[in-house]
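Only the coordinates and a few stated rules stand behind these numbers; no lab work does. Remember, it's a predicted structure, so these values are computed and weren't measured experimentally. Here the Cβ is made from the backbone with ideal geometry for all residues, glycine too, and neighbour counts use every protein chain on show.
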Amino acid sequence: MKVFMYTLSTCPWCRKTKKFFSERNIPFDYVDYDLAAENEQDKIMEEMKRSGGTMAFPFVRIDDEIIVGYNPEKYSELIEQKRGRQK
Amino acid sequence: MNVESRKKALRFMFQKVVDPLGYKFSPDEETVDFLLEQEVMLEQKHGIPFCPCQGLTRKREENMKIVCPCIPFHREHFDAIKRCWCLLFVTKDVTNPDELKQIPFGEIKRG
């Protein structure tokens, strides 16, 4: 299972999202959009707009599933699903 | 003006804007304080207290829609989830902000 997220350094829900995965020992990669270089921001913006149409953070991708917003129930549900498939 | 003074000033100004819209500051004081501090820093950087939970683009007209309080530009969305995206503001009937989920507009429209 691969977890990746776009976050903002200023957003408390992005911090909570990172904490959610850290506390469960689930490795993840992330990019803070506001701290990224302009060309990288453009790529992120394009991906986010293609997936949901807004620039609302956090933007979490678990394998190929996207969840916008801090939603621990959905994260857990997806993690369980993915782990179930791996067994 | 130092950060604490500016936080107080923003709180005073925002209150006047959100009250007639049917919103109030979230009862989650820790989150409110953190968000106001982020807004002061965004204001110091960009000259405008943008939403700390939405990303700035290169388009000014898009960015103007996330100047806090951005409720008028996201009315349908925020009214449906009873909070602004950041949870700085909630609708006046809310007593427990922990119950409010951060649901994107696209999901609300899909029902």
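Listed values, structure above:
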item: Conditions (1) surrounded by 11 or more Cβ atoms within 10 Å (Cβ to Cβ); (2) assigned to a helix (DSSP H, G or I); (3) within 14 Å of another protein chain (Cβ to nearest Cβ); number of the one not met by A:Gln81; result: (3)
item: Residues satisfying the stated conditions in the range B:61-82, i.e. basic (Lys, Arg) and either in contact with a Lys or Arg (Cβ under 6 Å, 6 or more places away or on another chain) or part of a helix (DSSP H, G or I) (or both); result: B:Lys65, B:Arg75
item: Search result, residues across the range B:72-111 that are over 16 Å from B:Ile48 (Cβ atoms), among the hydrophobic types (A, V, I, L, M, F, W, C) and crowded, with 16+ Cβ neighbours inside 10 Å; result: B:Phe78, B:Ile81, B:Cys84, B:Trp85, B:Leu87, B:Phe89, B:Val90, B:Val94, B:Leu100, B:Ile103, B:Phe105
item: Top-ranked residue of the range A:59-78 - restricted to ones that are in contact (Cβ under 8 Å) with a residue 12 or more places away in the chain and in a helix (DSSP H, G or I), ranked as nearest to A:Arg15 (Cα to Cα); result: A:Pro72
item: Any hit, the range A:5-17, residues being among the basic types (Lys, Arg), closer than 29 Å to B:Pro97 by Cα and assigned to a helix (DSSP H, G or I); result: yes
item: Failed criterion for B:Pro69 (all others in (1) more than 20 Å from A:Ser9 (Cα to Cα); (2) surrounded by 17 or more Cβ atoms within 10 Å (Cβ to Cβ); (3) out of contact with any Ser or Thr (no Cβ under 8 Å at 6 or more places or on another chain) hold); result: (1)
item: Selection count, the range B:9-60, where residues are part of a helix (DSSP H, G or I) and either in contact with a strand residue (DSSP E or B) (Cβ under 9 Å, 6 or more places away or on another chain) or more than 22 Å from B:Pro104 (Cβ to Cβ) (or both); result: 28
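Okay, residues lined up against (1) within 11 Å of chain A (Cβ to nearest Cβ); (2) not acidic (Asp, Glu):
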residue: B:Pro27; (1), (2): no, yes
residue: B:Thr31; (1), (2): yes, yes
residue: B:Leu36; (1), (2): no, yes
residue: B:Leu42; (1), (2): yes, yes
residue: B:Lys45; (1), (2): yes, yes
residue: B:Cys51; (1), (2): yes, yes
residue: B:Leu87; (1), (2): yes, yes
residue: B:Glu107; (1), (2): yes, no
